[in-house]
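Derivation of every value follows stated rules applied to the coordinates shown; laboratory data play no part. Everything numeric here is computed off the predicted structure, so don't read it as measured data. Every residue, glycine among them, receives a Cβ derived from its backbone with ideal geometry; neighbour counts consider all protein chains shown.
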């Protein structure tokens with residue numbers, strides 16, 4: 001309790017205002033992005049739609065090697081970022097352990113604000129909190145992707161779906177939603193990396209920290225809602241799952257009928273029997 005009172009008294013009010021803007025802006029933007037995805041086709045909702053279509057395609061394939069490779073490739077990205085985050089956390093802990101020397105180095109910078117060692121430690125702790133959050137989101141994304149890989153591996157064979165013993169749409173919705181959860185967790189981790197650049201500006205001045213927070217939020221908004229990638233994903237009308245199912249069903253039915261006719265034509269006895277007219281007694 002005494003430490004909190006010391007920190008509250010030692011940190012200037014404009015630092016607290018900038019920190020409050022950072023926290024409120026981050027939380028508000030995350031809530032805004034989540035709610036926006038429920039009412040219109042955003043970057044995340046568009047990709048979630050294609051993930052469901054992907055899982056629907058899985059139910060029409062006998063060999064799912066490609067799907068397993070795609071899932072493994074998707075899971076490798078959060079694994080890389082989680083490993084990188086561990087290295088960053090180790091470096092920040094080392095800075096926190098040698099905060100006196102680090103404070104002297106920062107004070108020598110001509111554009112950095114002159115602060116006490118306690119305020120400097122607070123800035124490093126905030127940076128640590130940002131990357132700890134990113135680490136948990138990346139590792140959770142890895143786990144959810146592994147759950148998705150298990151679902152793909154445990155999916156019934158195509159014949160089971162064809163016979164109506166398993167529901168294709170129900171499996172595609174569950175597996176696609178699981179893959180979407182993994183992607184959303186990965187996006188949260190990347191968003192934390194973006195926000196860490198605003199915290200770096202805090203070492204210069206609280207005013208620059210506040211401006212950097214607004215700038216990072218603006219960049220995130222443009223990337224997720226106004227980028228060229230989002231325009232491409234939303235360019236075409238959403239492909240319905242029923243359209244995909246009908247197309248795949250017809251494409252599987254035609255080769256089956258063609259192969260049946262080819263086998264019938266290759267059998268001379270059957271062909272002659274079918275060509276010979278039957279006479280009534």
Exercise. Quick one: length gained pulling residue 72 to residue 87 fully straight, 0.36 nm per residue minus the C-alpha distance?
Worked result: 3.1 nm
Exercise. So if R0 is 30 Å, what FRET efficiency would residue 207 and residue 34 give, r being the distance between their Cβ atoms, rounded to the nearest 0.05?
Worked result: 0.50
For this session: Please sort 76-87, 160-171 by packing, taking for each peptide the average over its residues of neighbouring beta carbons within 10 angstrom, highest first.
Result: 76-87, 160-171
For this session: Describe numerically, in nm with one decimal, the distance between label points set 7 Å from Cα along Cα→Cβ at residue 193 and at residue 96.
Result: 2.2
Problem set entry | Paramagnetic reach from residue 231 in region 33-48 [backbone N under 14 Å; point 7 Å along Cα→Cβ] | none
For this session: Starting from the Cα-Cα distance between residue 214 and residue 147, subtract it from 0.36 nm times their residue separation and give me the gain in nm to one decimal.
Result: 20.5 nm
For this session: Give the peptides 137-143, 41-47 in descending order of average Cβ contacts within 10 Å, highest first.
Result: 137-143, 41-47
Problem set entry | Cα→Cβ-extended label distance, 7 Å offset, between residue 24 and residue 80, nm | 3.8
For this session: Mind running the shape call on region 15-235? Use the C-alpha gyration tensor, a ≥ b ≥ c as the square roots of the eigenvalues: rounded below 1.5 for a/c, prolate if a/b tops b/c, oblate otherwise.
Result: prolate
